[in-house]
Structure formats: structure tokens, C-alpha cells
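In what follows, a single structure is set out as C-alpha cells and then discussed.
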Amino acid sequence: MTRMRFLTGTGIVLLLIGGAMQAYHPKLESPPVTAEIQAPDNVKQILRQRCYSCHSNETKLPWYDNLAPAYWIVRSDVLEAREHLNFSTIGAKAEAVQRGMLFESVNTVQLGSMPLPRYLAVHRDAGVTPDELATLRHYLETPPAQASAPAPAAAADTQFQHWIASNGKPMQAEPDMQVQPEWNGVPFLPEYKNWKPVSSTERWDNHTMRQILGNDIALKAIADGKIDNWPDGTVFAKVAWLQQPDGKGGITTGAFQQVELMIKDSKKYASAEGWGWGRWRGDDLKPYGKDAAFQNECISCHEPVAHSDHVYTMPIGGAQ
């Protein structure tokens, strides 16, 4: 009898606690859709079915997500997801930016970090199927209909030689003009041209080829095998060029696109996963973005490799 009373009393207490928890239910706002992503209907259908619950202003929660404490977690996840990528507002950006952000999303899906494993465990319909992934990849691999023709090989080669000789200064600027820091304060480091190659890669969505360079601290970390937790002072530079067919079945450097920097300082950049992120685009090396929030794109893109200190680069043998 005593045990029965204890169990009954415990059940009543739990019901009261559960009821009290439901009383705290902060609203999850659904702002208007101002600029939905510009993409074919079959692509948007996949995104709407698999991604919009978190990454849009059209969130629709199942009944079990409306029960605390699950609601508190899901609400926080949705607000953070919208901050990084919102398919209801991304349409205001240039088409190339939209495609780039979608590429990064597809990349996180391929690497298994999106949807979040704990979210997918409960929301099985959020998983992207292999066929759907193939559809998204096909869209991104297909050049836009209005894409401009690649730069002539001779002009691209001249630009490449100019880039080498410019020593990191804007190609179309006065000799004494300095490159501005990124919006988040990360400085441009023109000495990156003197660093050694660490690796190379390419982007299949925008047909660019990229050379990754590392400073002396990065090279020592590679030699010591400390590439899962890069030491402070490590800096990587990633230089991107459009791919230029050479007419002989090969690919060479086309027009210069951008240079990116990752600067490791675990204290200074603690709020950005320990890295200072910077991107300078075009011949004039203009800082990317409109404010410091641009770095959220960088962090989101590198989140799938958090286990390797947010670095995708796997050093080639010659750099070790």
C-alpha cells in the first residue's frame, strides 16, 4: 500500500511538472516569405519537403514538437537554422550566391551532418533520398542558362601573370591602395603568395579550381601530424580561379575569382569556432558580404568537418 501511494504521488508530481512546463511556450514567429530561392520546381519541391521545416519562414511543427521540452529545443534549432540559411529570403541574393549556398547545403547532406542526426532520429521524413540528392547535384552541376562565356585563354593567362606580380595588391587599383579588412575585422595577408601549397580542390557547382596554401605554422603542424587540432597561428589561403579549357582536353586557370583566408586563434575568434574567416572577391579584392554576418556562411559550410577542427584540407604528401 505504501509503495502504491508513493507511485501515485510521484505520478501526480510528474504530471504537475509536465503541465507547468507546457505553460512556458515562447512563440515561434513565421515572418512573410519575401524572396524564395530561385530554382526549378523539382528542386524547390525537394527543399520544401525536406528542408523548409527548419530553413524557411514556413515552419510547420508536428504535434509532438509542440510539447515541452521538445518544443524549446526545436524552436532554438529553427531560429539558428534560419540565421544560417533561409530559403524564404535567399532569393534576394544573386543567383551565383544562391547556388553557392545550396551547394554548401548539399555538401552537408552528403557528409551526413544535415539534417542533424538527433533531429532525423525523430523526423524521418527530413532525410534526403539518394534520388533527391542526385536531382540537387544535377541542378548545381548544370551551368546557368545565362552564364557568361569563359575568358579567352590569352586574357586569362595575362591576368594570372598579373596576379603573380601584384604581390597581393588589387589588380585594378593604384599601387599604394591597400586591401580592406573583412567586415569581421579579419585582415588581408598579401604574404600568402609566398606560402607553400598544401592541397588543391575544385567546386563542381561553379567550375572553379582552388589552390590551398599554408603558412610555416600550418606546414609544421602537418609535419608533426597535428591536423586534428591546428595550433594558433595556423593560416590557410584558398585561391580560386575559374576553369579554362585549354583546347587540348585539359584545364588551366581562367579568370581569378577570389582568395579566402582561415586564421586560427582560439581565443580571439572563440565565437567563430576558433577561426578568423575572410574572403576577398574579384580583381579589386573587395571584402565579401555586407556585414560581419557573412562568416555564418563559412562556419556552416565547415561544420561537417568539426571533427578535424573545421578544416576540409587533407595535406598532399609533398607538404608533409
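The values are calculated or read from the model by the stated rules, or taken from the named source; none is laboratory data. None of these values were measured; they are calculated from a predicted model. Quick reminder, even Gly has a Cβ in these numbers, built from the backbone with ideal geometry, and neighbours come from all protein chains shown.
The set of residues in segment 58-116 being of a type in the set (Phe, Trp, Tyr) and surrounded by fewer than 16 Cβ atoms within 10 Å (Cβ to Cβ) consists of 63, 64, 72. Here residue 289 clears all of (1) closer than 19 Å to residue 230 by Cα; (2) surrounded by 15 or more Cβ atoms within 10 Å (Cβ to Cβ); (3) under 16 Å from the mean Cα position of the chain (by Cα) except the condition numbered (1).
I want to confirm something. Restricting to segment 182-200 and keeping residues that are in a strand (DSSP E or B) and of a type in the set (Gly, Ala, Ser), which single residue is farthest from residue 284 (Cα to Cα)? Among them, the one singled out is 199.
Only one of the listed residues (97, 78) is farther than 18 Å from residue 33 by Cα, in a helix (DSSP H, G or I), β-branched (Val, Ile, Thr) and assigned by TED's automatic domain parsing to the domain that holds residue 67. That residue is 97. From the list 158, 135, the lone residue that is among the β-branched types (Val, Ile, Thr), surrounded by 11 or more Cβ atoms within 10 Å (Cβ to Cβ) and at pLDDT below 85 is 158. Restricted to segment 211-228, and to residues there that are in contact (Cβ under 8 Å) with a residue 60 or more places away in the chain and either more than 20 Å from the chain's Cα centre (by Cα) or at positive phi (or both), the residue that is surrounded by the most Cβ atoms within 10 Å (Cβ to Cβ) is 214. Tell me yes or no: at least one residue of segment 243-255 is buried (at least 17 other Cβ atoms within 10 Å of the Cβ) and closer than 23 Å to residue 186 by Cβ. No. One residue alone among 248, 267 is free of Cβ contacts under 8 Å to residues at least 60 places away in the same chain, charged (D, E, K, R) and in contact with a Gly (Cβ under 9 Å, 6 or more places away or on another chain), and that residue is 267. Pairs meeting the criteria (first residue in segment 276-299 and closer than 17 Å to residue 236 by Cα, second residue surrounded by 15 or more Cβ atoms within 10 Å (Cβ to Cβ) and of a type in the set (Ser, Thr, Tyr), beta carbons under 6 Å, at least 6 apart or on different chains) are 276/269; 279/288; 281/288.
For segment 166-176, the condition holds for no residue, the condition being that it is among the hydrophobic types (A, V, I, L, M, F, W, C), surrounded by 18 or more Cβ atoms within 10 Å (Cβ to Cβ) and at pLDDT below 95. Counting only strands (runs of 3 or more DSSP E) wholly contained in segment 204-320, the ones carrying 2 or more residues that are at pLDDT 90 or above, of a type outside the set (A, V, I, L, M, F, W, C) and not assigned by TED's automatic domain parsing to the domain that holds residue 90 occupy 208-214, 251-264, 275-281.
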